[in-house]
1. Go through LYS56/LYS96; LYS51/LYS175; LYS85/LYS105; LYS11/LYS113 and tell me which ones have a Cα-Cα distance over 25 Å in this structure.
2. Using alpha carbons only, how many angstrom separate the centre of segment 99-119 from the centre of segment 10-30?
3. With a ≥ b ≥ c taken as the square roots of the eigenvalues of the C-alpha gyration tensor of segment 68-198, please select rounded if a/c is under 1.5 and otherwise prolate if a/b is larger than b/c or oblate if it is not?
4. Quick check on segment 115-162: take the gyration tensor over C-alpha atoms, sort the square-rooted eigenvalues as a ≥ b ≥ c, and tell me if it's rounded (a/c under 1.5), prolate or oblate.
5. Once the dipole of segment 132-198 is set up with Lys and Arg at +1 and Asp and Glu at -1 on Cβ about the Cα centre, which of ASN190, ALA149, ILE133 lies farthest towards its positive end?
6. Go through ALA66, ILE31, SER108 and say which Cα lies farthest out towards the positive end of the charge dipole of segment 22-114; charges sit on Cβ, +1 for Lys and Arg, -1 for Asp and Glu.
7. What FRET efficiency comes out for ARG114 versus VAL54 if R0 is 41 angstrom and r is the Cβ-Cβ distance? Round to the nearest 0.05.
8. Under a point-charge model restricted to the Cβ atoms of Lys and Arg (+1) and Asp and Glu (-1), what is the dipole moment magnitude of the chain relative to its Cα centre, in debye to the nearest 20?
Amino acid sequence: MASFKQIGSIKAFQAFIASVYALPDDRLYSIWDLLSQEQRFSMRALKGIRKKDVRKVKLNLLIALAWLMAIANRLHIDAEEEVWKRFPMQCSYCGKLPCVCKATKVLSRARVKRNDARRPRSLRAFQEMFSAIYPPERRTLAEAGVHLAEEAGEVAEAVHNFLGRHIESEFDDIKLEIADLLSCIFGVANSARIDIAR
């Protein structure tokens, strides 16, 4: 029987989603359906934020995460690898830990350097990494939610662009946007004090 342990990695969680849902996802849902479901539950999490209902935020955020992993599985994208490439223990835009984008109005993307010795080894460690990069006390839960909505739309846009034109660089954009959306899921979880691994 498939299971996910709290010490598991993003890769292990993605594999868990594949082992439980890949067959029905493949048989019953198009990629557009998967995107729609991910967006649907992300928006339900936002409704929980608006209503100050952390239970609703948690439930729907976790379901949105599962649908995001279904999207990554369908497109054969290793979500953990893409997250680490995009956020190697630093902000993907300013290149700092913690992020200084808001304070310094960074105008261009910095080159990020990876130190694989610092790579988180579990889902919980990735959540802690995002808490260090984007400290939850520096923004409200509502601000984190707005960022989540923005990135959910960007994943959908990237998929639409790629499937409309089949340009490889646009497939690479999907990988970046999945990493960005995953960072926002962690951001909302951190702001709402939700332990995703648990």
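1. Working: LYS56/LYS96 32 Å; LYS51/LYS175 32 Å; LYS85/LYS105 23 Å; LYS11/LYS113 22 Å.
Where the Cα-Cα span goes over 25 Å, the pairs concerned are LYS56/LYS96; LYS51/LYS175.
2. 32
3. Values: a/c = 1.43, a/b = 1.36, b/c = 1.05.
Verdict is rounded for segment 68-198.
4. oblate
5. Projecting each Cα onto the dipole axis, the largest value belongs to ASN190.
6. Checked the options; the winner is SER108.
7. Numbers: r = 34 Å, r/R0 = 0.83.
The value I calculate is 0.75.
8. Details: 32 positive and 24 negative charges, 204 e Å.
Value, rounded to 20: 980 debye.
The values are calculated or read from the model by the stated rules, or taken from the named source; none is laboratory data. All values derive from a computational prediction rather than experimental measurement. Please note: Cβ atoms are built from the backbone with ideal geometry, for glycine as well, and neighbour counts cover all protein chains shown. Side chains included, ligands, DNA and RNA excluded: accessible areas come from the protein's heavy atoms. Shrake-Rupley method; radii C 1.70, N 1.55, O 1.52, S 1.80 Å.
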